[in-house]
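Student: Here it is, the structure, as structure tokens.
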Amino acid sequence: MTKRTGDSLRKTPNTAPTDTMLTLGFDEEQAARIIRTRRVLPLVEDPKAPQIDARKLWEKIGKPHGRFRDWASHYVRPLMDRPDLSAEISALTTPARGTPRQDYTLSRDLAAHLAMQANTPEGADVRAYFLDMER
């Protein structure tokens, strides 16, 4: 007889190990993808609050446009002008040598939206992650 410890109640989609993911019905490839991607796009309680580093997201989706600044000006900045999404983005300018560095913090919903737009192999992996999480 196995002793109950309540350990399964303490595991969340953000912390569940591979063996738990397998018992939930994911195959090994899906479990590995979920574990790899949840570091950058964790499931959070409030999907509308800015909590995800845009620079880390950009790296995860394969660095589209080559430079973060170019990607952000093409995808992130236009979203800041939309009143329905402006609360989901937080911008911070940090002093640096030369040009000040612009960083953004995104809501999970907005990060998912941007990740799904990425036309890179890594972007396809992130899209598969969202499909896995819907299951």
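The values are calculated or read from the model by the stated rules, or taken from the named source; none is laboratory data. Bear in mind that the values here come from a model prediction, so they are computed numbers and not experimental data. A quick note on method: Cβ atoms are made from the backbone with ideal geometry, for glycine too, and the neighbour counts reach across all protein chains shown. Only protein heavy atoms, including side chains, enter the accessible area calculation; ligands, DNA and RNA are left aside. Shrake-Rupley method; radii C 1.70, N 1.55, O 1.52, S 1.80 Å.
Student: Quick one: residue 49 ticks every box in (1) open to solvent by less than 50 Å² (accessible area, probe 1.4 Å); (2) outside any loop (DSSP other than H, G, I, E, B) bar one, so which box is it?
Tutor: With respect to (1) open to solvent by less than 50 Å² (accessible area, probe 1.4 Å); (2) outside any loop (DSSP other than H, G, I, E, B), residue 49 is out only on (2).
Student: Another one. Out of curiosity, is residue 124 free of Cβ contacts under 8 Å to residues at least 24 places away in the same chain and assigned to a loop (DSSP other than H, G, I, E, B)?
Tutor: Spelling it out, it is not the case that residue 124 is free of Cβ contacts under 8 Å to residues at least 24 places away in the same chain and assigned to a loop (DSSP other than H, G, I, E, B).
Student: Right, here's the next one. Do any residues in segment 35-55 that are within 14 Å of residue 128 (Cα to Cα) have Cβ atoms under 6 Å from those of residues that are aromatic (Phe, Trp, Tyr), where the two are at least six apart or on different chains, and which pairs are they?
Tutor: 37/129
Student: Any residue in segment 83-90 that is within 30 Å of residue 32 (Cα to Cα), free of Cβ contacts under 8 Å to residues at least 12 places away in the same chain and surrounded by fewer than 14 Cβ atoms within 10 Å (Cβ to Cβ)?
Tutor: Within segment 83-90, not a single residue is within 30 Å of residue 32 (Cα to Cα), free of Cβ contacts under 8 Å to residues at least 12 places away in the same chain and surrounded by fewer than 14 Cβ atoms within 10 Å (Cβ to Cβ).
Student: Let me ask something else about it. So, in segment 91-102, how many residues would count as being surrounded by 12 or more Cβ atoms within 10 Å (Cβ to Cβ) and not polar (S, T, N, Q)?
Tutor: 2
Student: If I filter segment 29-46 down to residues being charged (D, E, K, R), part of a helix (DSSP H, G or I) and open to solvent by 30 Å² or more (accessible area, probe 1.4 Å), which single residue comes out as nearest to residue 111 (Cα to Cα)?
Tutor: 36
A quick yes/no check of all residues on (1) open to solvent by 30 Å² or more (accessible area, probe 1.4 Å); (2) out of contact with any Lys or Arg (no Cβ under 9 Å at 6 or more places or on another chain); (3) within 18 Å of residue 66 (Cβ to Cβ):
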position	(1), (2), (3)
104	no, no, yes
113	yes, yes, no
116	yes, no, no
119	yes, yes, yes
124	yes, yes, no
132	no, no, no
